[in-house]
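Written out below as structure tokens is the structure these notes cover.
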Amino acid sequence: MSTRTAAQLTLNPLGPHFGAQVEGLDLADAHDDDLVAVRAALTEKKVLFFRGQHLDDDGQVALGRRLGELTASHPVVGGVDEAHPEIYALDSADNGFADVWHTDVTFMPRPPLGSILRAVILPPTGGDTSWADSQLAYDSLSSPVRELADQLTAVHDGNREFGYYLAQRRGGKGSVWDGDVVTRLDPVEHPVVRVHPETGRKGIFVNPGFTSHIVGVSEAESRGILDLLYAHLTKPEHIIRHRWSLGDIAMWDNRSTAHYANRDYGTAHRVMHRITLRGDLPVGPTTSH
Ligand SMILES: O=C(O)CCC(=O)C(=O)O
Ligand SMILES: [Fe+2]
């Protein structure tokens, strides 16, 4: 059953807990009120889909600017072209894959608040993207494990995925991120459980893409704890999966989700364009200010 919010957005839920398709909204021609409602729905539903859209690169950037402050395309990967330094292209012909569960850019002190992804070229079959609800996953852990996770801090390290790119393709000079040119990917620490800055809900905030280890425990303990959290985060009950069509836009709250793009389309070509909204410093249950 679809529901109408105050600002007249029609949301079709994609599962019992999270994910919704927004019906009847042309993102290229949305009113300010509609976008306020989209922003609220994003926090509540965590992943939103808009079908049959007509956005090009300029339109995607313009939409992003109306929803928040855009970051550079990526801390170390350049924009899709000179005119669009905000657009991160994932192109299968240029090794652009995301077939590891991750939350975007958690290897920086301030990971993006959210991401907006547009299908540009799609394979005939395959290439679905899945999202996991990290708050639902946290809530369904047993309470002793929640209490353990609440106290932990993890290191996130972008060198594993992007160190080579910064050195080889950017000559050691990355993008401007939070006001500084990125020249090194120093590992950063984040709480293992993130308290959502808008709702106060807690979610698992480690991911196999970028988290290297847990602070203050043995290597074996770190591996065991992370494996437990990853297996739990990615249980089918915590996931929605999207089969892409051209014209689709996906938007996700990067503070409460992780995602994965299937690499199951052989040598077919797949290109996606992403922009990201600037986020804040992750806060944990025990973070003191
Ligand atoms: O290619 C996709 O579907 C998702 C890629 C990805 O991880 C991203 O855009 O952040
Ligand atoms: Fe991603």
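Give me the one-decimal nm value for the distance between modelled label points at residue 168 and residue 235, 7 Å along each residue's Cα-to-Cβ direction.
The answer from the label model is 4.0 nm.
Answer rounded, prolate or oblate for segment 17-153, using the Cα gyration tensor with square roots of eigenvalues a ≥ b ≥ c: rounded when a/c is under 1.5, else prolate when a/b is larger than b/c, else oblate.
prolate
Normalised by the number of residues in the chain, what is the relative contact order in percent for Cα pairs under 8 Å and 6+ residues apart?
Relative contact order, the chain: 32 percent.
Once a ≥ b ≥ c are taken as the square roots of the eigenvalues of the Cα gyration tensor of segment 161-289, is the result rounded (a/c under 1.5), prolate (a/b larger than b/c) or oblate (a/b not larger than b/c)?
Rounded.
Could you work out what % of the accessible surface of segment 55-166 is carbon and sulfur, using a 1.4 angstrom probe and leaving DNA, RNA and ligands out of the count?
Whole-percent figure for carbon plus sulfur exposure: 49.
Please say if segment 101-212 is rounded, prolate or oblate, where rounded means a/c under 1.5 for a ≥ b ≥ c the square roots of the C-alpha gyration tensor eigenvalues, and otherwise the choice is prolate for a/b larger than b/c and oblate otherwise?
Oblate.
What does the charge add up to near residue 181, with Lys and Arg as +1, Asp and Glu as -1, over the other residues with Cβ less than 13 Å from its Cβ?
With Lys, Arg at +1 and Asp, Glu at -1, the net is +1.
With r as the distance between the Cβ atoms of residue 220 and residue 181 and R0 = 45 Å, compute the FRET efficiency 1/(1 + (r/R0)^6) and round to 0.05.
Numbers: r = 38 Å, r/R0 = 0.85.
That gives a FRET efficiency of 0.75.
How do 182, 195 rank by accessible surface area computed with a 1.4 Å probe, from largest to smallest?
195, 182
Roughly how many Å is it from the Cα centre of segment 218-289 to that of segment 168-186, as a whole number?
Comparing the Cα centres of segment 218-289 and segment 168-186, I get a distance of 23 Å.
When ranked by the protection proxy of mean other Cβ atoms within 10 Å per residue, highest first, what sequence do the peptides 13-24, 220-231, 203-214 form?
Working: 13-24: 17.7, 220-231: 15.4, 203-214: 23.4.
Sorting 13-24, 220-231, 203-214 by mean packing, highest first, produces 203-214, 13-24, 220-231.
Is there a pair in 46/173; 46/235; 45/235 whose C-alpha atoms are over 29 Å apart, and which pairs would that be?
Where the Cα-Cα span goes over 29 Å, the pairs concerned are 46/173.
Given just the C-alpha atoms of the chain, how large is their convex hull per residue in cubic angstrom?
Dividing the Cα hull volume of the chain by its residues yields 139 Å³.
Could you please state how large a percent of the accessible area of segment 167-242 is carbon and sulfur, counting protein chains only and using a 1.4 Å probe?
Carbon and sulfur: 50 percent of the exposed surface of segment 167-242.
What accessible area per residue comes out for the chain, rounded to a whole number of Å², with a 1.4 Å probe?
45 Å²
Using only the alpha carbons, work out the radius of gyration and Dmax of segment 147-208 in angstrom.
14.9, 44
The values are calculated or read from the model by the stated rules, or taken from the named source; none is laboratory data. This structure is a prediction, so every number in the text was calculated from the model and none was measured. Please note: Cβ atoms are built from the backbone with ideal geometry, for glycine as well, and neighbour counts cover all protein chains shown. All accessible areas refer to the heavy atoms of the entire protein, side chains included, with ligands and DNA or RNA removed. Shrake-Rupley method; radii C 1.70, N 1.55, O 1.52, S 1.80 Å.
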